[in-house]
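Below is one structure, written out as structure tokens, with a few remarks after it.
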Amino acid sequence: TMLRLLSSLLFVALASGCGRPSHNPSTRVVNGEDAVPYSWPWQVSLQYEKNGDFHHTCGGSLIDPEWVMTAGHCISSSLTYQVVLGEYDRAENEGAEQVIPINAEDLFVHPLWNPNCVACGNDIALIKLSRPAVLGDSVQLACLPPAGDILPNEAPCYISGWGRLVTGGPLPDKLQQALLPVVEYERCSKWDWWGSSVKKTMVCAGGDIRSGCNGDSGGPLNCPAADGSWQVHGVTSFVSAFGCNTRKKPTVFTRVSAFNDWIEETMASH
């Protein structure tokens with residue numbers, strides 16, 4: 001019974017160890033709004049170095065104290081990166097930030113990702129941090145959904161990130177969030193929607209009013225689970241070339257539940 005007790009305790013620890021922000025996300029929704037500070041505590045800013053300064057390029061999700069999940073298209077082998085955890089207002093040093101350098105050999109892009117074919121899928125990457133994150137109120141782990149899990153149409157998910165506020169517009173200082181209801185594959189893959197550009201290994205969410213935009217890439221699609229926690233079901237992948245919030249062109253995400261095996265194998269072998 002001691003062993004059984006230990007394994008049940010471990011399960012509880014695992015179950016409660018992710019996806020539960022100390023600060024609850026707000027419920028009011030407009031086109032996109034300032035998030036409640038630290039209400040998405042697994043959200044990271046992925047930054048690249050240019051002329052001695054680091055610049056935000058993509059979002060990401062902390063899925064383990066040493067691992068961040070982001071999009072394949074966010075990673076270039078020719079750039080130097082750092083990850084900032086516990087970030088809220090990029091214009092201010094608020095004291096909760098953890099800036100962690102990334103070693104070039106610790107970038108793992110999915111082997112089937114093809115930068116010339118975003119619609120082919122596999123737009124996912126893992127980054128191993130050079131030192132473990134310190135977890136607390138402002139930095140927590142994301143939960144991943146069970147393998148193969150498919151969200152129902154209209155599931156109330158939130159995108160979060162520091163992406164552009166309008167097509168071609170500025171990047172915000174404060175972390176933004178927007179409610180993006182899921183659009184089921186059957187609708188999203190209709191010819192006048194995304195057609196064959198969307199695959200079953202992707203999730204569509206949002207629509208003509210609210211959407212992701214450049215700079216949100218790699219960040220999470222946060223969806224409520226039955227137990228009250230949040231799960232990251234999507235990695236922000238692409239929007240329409242006609243603009244971020246184009247009608248019948250919801251934001252498209254890599255479906256995390258299609259890649260559980262690759263995620264687990266990559267983390268276990270490095």
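Computed from the coordinates by the stated procedures, all read-outs in this text should not be read as laboratory data. Here the structure is a predicted model, which means the values were calculated and not measured. Neighbour counts are summed over all protein chains in view; Cβ atoms, including those assigned to glycine, are modelled from backbone coordinates with ideal geometry.
How far apart, in nanometres, would the label points at H55 and S77 be if each is projected 7 angstrom from Cα along the Cα-to-Cβ direction?
2.3
Excluding residues on the same chain fewer than 8 positions from K248, give the lysines whose Cα lies under 17 Å from its Cα.
K190, K199
May I have the pair-distance distribution P(r) for the chain, computed from all Cα-Cα distances with 10 Å bins from 0 and rounded to whole percent?
Over the chain, the share of Cα pairs per 10 Å bin runs 7, 32, 38, 18, 4, 1, 0 percent.
Find how many whole Å separate the alpha carbon centroid of region 159-183 from the alpha carbon centroid of region 40-88.
A separation of 16 Å, based on Cα centres.
Work out the FRET efficiency for W191 and N93 from their Cβ-Cβ distance, taking R0 = 45 Å, and round it to the nearest 0.05. Show your work: numbers first, answer last.
Numbers: r = 49 Å, r/R0 = 1.10.
Using R0 = 45 Å, I get an efficiency of 0.35.
Could you give the dipole magnitude of the chain about its Cα centre, charging the beta-carbon of Lys and Arg +1 and that of Asp and Glu -1, in debye to the nearest 20? Spell out each step's value before the answer.
On the way: 18 positive and 27 negative charges, 145 e Å.
Here the size comes out at about 700 debye.
Can you give the relative contact order of region 155-257 as a percent, counting alpha carbon pairs under 8 Å and 6+ residues apart?
Numbers: 246 pairs, mean separation 30.9, N = 103.
Across region 155-257, relative contact order equals 30 percent.
Give me the dipole magnitude in Debye, nearest 20, for region 155-257 about the Cα centre, with unit charges on the beta carbon: positive for Lys and Arg, negative for Asp and Glu. Present the calculation step by step, with values, prior to reporting the outcome.
On the way: 11 positive and 7 negative charges, 51 e Å.
Here region 155-257 has a charge dipole of around 240 debye.
Taking 7 Å along the Cα-to-C-beta vector as the label spot, tell me the F242-D173 distance in nanometres, rounded to one decimal.
Simple spin-label model gives 3.6 nm for this pair.
Is region 155-257 best put as rounded, prolate or oblate by its Cα gyration tensor, with a ≥ b ≥ c the root eigenvalues, rounded for a/c under 1.5, and otherwise prolate when a/b is larger than b/c, oblate when not? Please list the in-between numbers first.
Values: a/c = 1.83, a/b = 1.03, b/c = 1.77.
Oblate.
Quick one: order E94, E154, E87 by neighbouring beta-carbon count within 10 Å, fewest to most. Walk me through the numbers before you get to the answer.
Details: E94 14, E154 11, E87 26.
Arranged by neighbour count, lowest to highest, E94, E154, E87 become E154, E94, E87.
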